[in-house]
Structures are given as C-alpha cells and as structure tokens.
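Structure, as structure tokens:
The values are calculated or read from the model by the stated rules, or taken from the named source; none is laboratory data. All values derive from a computational prediction rather than experimental measurement. Positions of Cβ are backbone-derived with ideal geometry, glycine not excepted, and every protein chain shown enters the neighbour counts. Surface areas here come from the heavy atoms of the whole protein model, side chains and all, with no ligands, DNA or RNA. Shrake-Rupley method; radii C 1.70, N 1.55, O 1.52, S 1.80 Å.
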Amino acid sequence: MVEAQYPYQDAGLSVHQRVEDLLSRMPLADKVGLMFHTIAVPADVDAVVPLFGERSLRSLVDKGLRHFNVLGSLPDGRSFAQWHNSVQSAALRHPLGIPVTFSSDPRHHFGDNPLTQMMAGPFSLWPEPLGLAAIGSADRVREFADIVRQEYLAVGIRVALHPQLDVATEPRWSRINTTFGEDAELTSRLGVAYVDGLQGARLGADSVAAMVKHFPGGGPQLDGNDPHFGWGREQVYPGDNAAYHLRPFRAALDAGAAEVMPYYGMPVGTDWDEVGFGFNKSVITGLLRDELGFDGIVCTDWGLVSDHPDLGDLGVARAWGVEHLGPADRALRVIEAGADQFGGEDCTEVLLGLVRDGRVSESRIDESVRRLLRVTFTLGLFEHPFVDEEAASITLGRSDFRDAGLAAQRDSLTLLTNTGLLPLARGAKVFAPQISAAALEGHATRVDDPAAADVAVLRIKAPYEPRTEGMAALFHHGSLEFAAEEVRRIRAVCAAVPTVIDVYLDRPAVLTPLAGAAAALIANFGVSERALIAVLFGAAEPRGTLPFDLPRSDAAVAASRTDVAFDTADPLFRFGHGLRY
C-alpha cells in the first residue's frame, strides 16, 4: 500500500495548523477538486462507467476529486474493503497524498431507489427510519446508528448522507419512508440520537460524519410532488410554518452534526429567495451560517449544475429557479449562496474558469477547502487511509448486528385493529399468497384457497400512481387511496375468511375501505417474513405506534395545509396509535 508522501500525520500540530500548511501547498486545481462530491460505482478504478458521461474513477481522482458517494454495493465486506483500498492507493500516488472520503446514502433498510437509498445487501437489515420512529426510542436509534457507524467504518465509508430530518407534513410526498414521520419533536429527539450514534461525543477518528438533510426541511412539497423533477420543484408554506420544519435541524446542529445538505425544492411565497435551496443565499448564508452559526460543510444535493440530455430526466440539472442560467452561472450562484461542495458533479473546469475569470476569488475557494480539510483531518483519514480487509469481512453483517436489526423489525410492527384474531394459533390453515411456505413452516399449513383456510394473511403496499417516465418511476407519488378493483379483491378475501392485512407504509395510506373488513390490520415499515411471522404467531409482540396520522381520504389530504402537521380532518388513525396483544 502507498503511504502519503508528506507527514500530515504530525501529532505535534493542531488540525488548524495542518489544514493551513496543506492549503498553502495546494495548487488551485487540487483545491477545486475537493469541492466536488460525485458518484462512484464499486468497480475497477480504471473501468469506464457510463454514468453522467463515460469516465473512470481514476480519471476523477486525477482531476483532484476526493469525495465520492458510493452507488451500489459489493457482495461482502472483504470485497468492499478491497475496492476501497484500491481507490485510496490511486489517490495517495498523487504528490500531496490527500485521501479519498467515501459517503453513502442509507443502505440498512428495505427500500431500493438508487437515487435515495440502497437495499442492505451484506449490511445488517433494519426497518426504514419510519419503523425506528414507530418504536420511538432514542436509545434504539442510537444503537442503530452506532451499528451503521461500525459497518461503514469497516469498509471505509466516512460520511453518512443521512439522517433525513424532513418532517412529513405532506402525506403524498415520496420521500417519507426515510424520515422519522410527522412530528417535529420526535424527529428532533431521534435525529440527535442518530447523530450521536454516528459521530460519538465529538467528531474523531472513530466517527462517521453525519450530513443532515434536507435543510431547511423538504416536507412541504406542493401536492406532495418531489423536486427531483421540474413538475415538483415548488415548496410551499400555506400555514406559515417553516419554523416547525427547522426544529429537527436546530437540534441536530446543536448536537454537532458535521455537514448539511440543502434540498432541491424552491420556496414559494416566503421571505426566502425564490430559487432552489442549493442556490439560496438567504437560506444557506442568511439562515444556516449567520442565524444558526453553522461553520461546517454544506454540500448541495446531487446534480444542480450540469445537464446531460442523453440521460433523459436523470440528466436534467435540478436548477430550479435558475434553469435559464448556464453551468458557470449556476455554479456561481451555488458558491455565492455559501455552499462548499457540488453534490453529484465533477465539472471542475467550470469552477476553475470562474476563478480564472475573476468571478470567484481564490480566497473564497480557500474558505470551503478549509472546512473540507478540517473534517478529513479530524476523521483521521491522513493517518489511516486504508481499512483492514479481514476485519471488514467479519464486521459487515455481523450476527449480533443482524439480530438487532431483526428485533427492530419485530418491534416496529404497528397493530392498528384486532378483533381478537391475533396472535394466530399455531397449526392453523393459512391462505397467505405473499408469504413463502418456508416462512410458515412450523407455524401453520399453507393453503391456496381462502375457502379451505382458517385464516388469511394478505400483504399489501401503500398505493401510489405509477409514472413511467425515466427515474420518476422509482418514486411513489399521487393518490393514497387504493384502486377500486384492489379494494374489491381484498374485501372478497375478508368476506370469505377472517383476514389479517399487513400493509407496508412507505408513506401514509387511506385504509378506510379496508379497516372495517379485516379481522386485524397491521402496519409495517420494512419487515422480513421471519419478523412478521414471529409477531403474527405471538412469539413476539407488536410494539410500534404510528409515526404519522393516517388520513381518511385523499380529499382530506388535499384540503390540508402542506406545511402543518396533523392537519388532515378526522384522520382514520392518529399519530401514536398502536395496539398490543
């Protein structure tokens, strides 16, 4: 392995002194390279990956980039660690020996949208953050985040692009599954525990830096549409309730969160600039820097500057409010707003051109690079750029980590109704078309006809209106009501045999036509068959409570105020509802 060529490990110098010394040695191109935080796919460093242009990871390292968001996974900890070390070796061959900092979106859950989170793969498997909110325990969230920290450290991931502290006040929004729900107080309490679990008492060599998102709160999206897309760019505050959405961020920053990501959304009808938050000086400098006193790293959400027409909607820069500007002027707006890093971009030539043209001063570049180097030094990456491949093979998905995740899955299950059917009796004949016979073995006999069953178990998912265009198909937008044909199908089974309905809630669903028909209704926020069966048959008890209201109808949602929590009229089930056996 290649060692750094300059002794930045000198323990006699403070982090400040080390930052200033290294900064004085850096050519402009290397400084600018640090200000780009783009995507890396775990593949050979020389492999050409057709993502946002055909380029290899080595070519990006050679351009000076040192911050990469790992998209995708590898089959086990050893291979992940080996890939990490190969990239570090490529980086440390450069004269200044600046190591790579890897980051990741959430990867310990069931959701699989490569633009927002990845399936767990070799990592331990937990319910979605909504499920942790259903448990409601800060200690459990701290335990979860500490396990994330250990597994990330093992494979060299040093920045978590989470927790997501948006408050889910618009029930139709497609990003709710990775939030802690609708209550700002609960989100604040769990968010602080999450940051503590990742970073520890203070950021250091055993920490994973938390990048909290999406400042100043991405929940109040107009009609619940997501600003990954131009048709979802507007963020609105009809209840004048922006302060409610800021509460979790204030708490997390007070707890020492190292980094912040603003969202794509463009505030409309507020005192803030009417441009996307990544371009928004009134929010990044005025609110975050000046009012809240944050001097850590601000990294934009991914893809604000460069358009890639060949990639369809995936390649459209989310430059809301400044779509008319070219890449250089968009980049200038980001810098003037007060951000330090361009997420999902590698167009270093654009920023270099702004400096050479005198539109951005090198002292402004130095301001951001100081923040970036400070975190890199504090994380101990200069002293220990490589990870132990053997330790990674043992740590990733360790049995006690998996057991803790399984226990959280069980505990997060939330019992909404029960006529006495649950827990189920062992030995029953069960119609369960979405559950494998292997999972039921030892508990019940699986039958293929409701008429031959003692009980039915139906597993369903919260409804949405599918979109077919590009990456919009990965997001669940639109109506929260089940289609009439789906309701008839489910109610027919309920009429034929006592039925348990297990519904996966990645956002609130309108359960009004099903609640009265089912003998029991249980909500999950990411649960394996093993965990579900344990609860259905009484080996464990559902301990969850709803992390949001469940509305009675789409009409009630449409009539509510986007930014105000618990504003839908006469909800079917209230926040905090959850029965026990």
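Projecting the Cα atoms of Gln82, Ala492, Pro262 onto the dipole axis of the chain, where Lys and Arg carry +1 and Asp and Glu carry -1 at the beta carbon, places Ala492 farthest toward the positive end.
Calculated from the structure, mean projected area of the Cα convex hull in nm² equals which of (1) 31.4; (2) 26.7; (3) 25.2? Checking each listed value against the structure points to (3). Counting only alpha carbon atoms, the long axis of helix 399-412 and the longest principal axis of the chain meet at about 50°. Solvent-accessible area of Arg142, all protein chains in place: 80 Å² (probe radius 1.4 Å, heavy atoms, ligands and nucleic acids excluded). A cut-off under 10 angstrom between Cβ atoms defines the neighbours of Ala534, and their net charge, with Lys, Arg +1 and Asp, Glu -1, is 0.
In the chain, taking the dipole from charged Cβ atoms about the Cα centre, the farthest positive-side position among Phe123, Leu253, Thr179 is held by Phe123. In order along region 304-317, phi translates into HN-Hα couplings of 9, 10, 9, 8, 10, x, 5, 9, x, 5, 5, x, 7, 5 Hz, rounded to whole numbers, per the Karplus curve 6.51 cos²θ - 1.76 cosθ + 1.60 with θ = phi - 60° and x for Gly and Pro.
Ser174 contributes an accessible area of around 20 Å² to the protein surface, as traced by a 1.4 Å probe with all chains present. Put a dot 7 Å past the Cα of Ala496, heading toward its Cβ, do the same for Arg530, and the two dots end up 3.2 nm apart. If only the Cβ of Lys and Arg carry +1 and only the Cβ of Asp and Glu carry -1, the dipole of the chain around its Cα centre is close to 880 debye. For the chain, the per residue solvent-accessible surface stands at 35 Å², with DNA, RNA and ligands left out and a 1.4 Å probe. Indicate the gyration tensor shape class of region 464-561 (rounded, prolate or oblate), computed on the Cα atoms with a ≥ b ≥ c the square roots of the eigenvalues: a/c under 1.5 is rounded; otherwise a/b larger than b/c is prolate and the rest oblate. Since a/c reaches 1.5 and a/b is larger than b/c, the shape of region 464-561 is classed as prolate.
Computed from point charges on the beta carbon alone (+1 for Lys and Arg, -1 for Asp and Glu), the dipole magnitude for region 226-330 about its Cα centre is near 180 Debye.
Of the solvent-accessible surface of the chain, computed with a 1.4 Å probe over protein heavy atoms with every protein chain present, carbon and sulfur atoms account for 50 percent. At the residue level, Lys461 shows approximately 150 square angstrom of accessible surface with a 1.4 angstrom probe and all protein chains present. Stretching the chain fully between Arg398 and Asp554 yields a gain of 51.9 nm (0.36 nm per residue, less the alpha carbon separation). Rounded to the nearest Hz, the phi-derived 3J(HN,Hα) couplings of region 278-291 under the Karplus curve 6.51 cos²θ - 1.76 cosθ + 1.60 (θ = phi - 60°) are x, 9, 9, 5, 5, 8, 6, 7, x, 8, 6, 6, 7, 6, where x marks glycine and proline.
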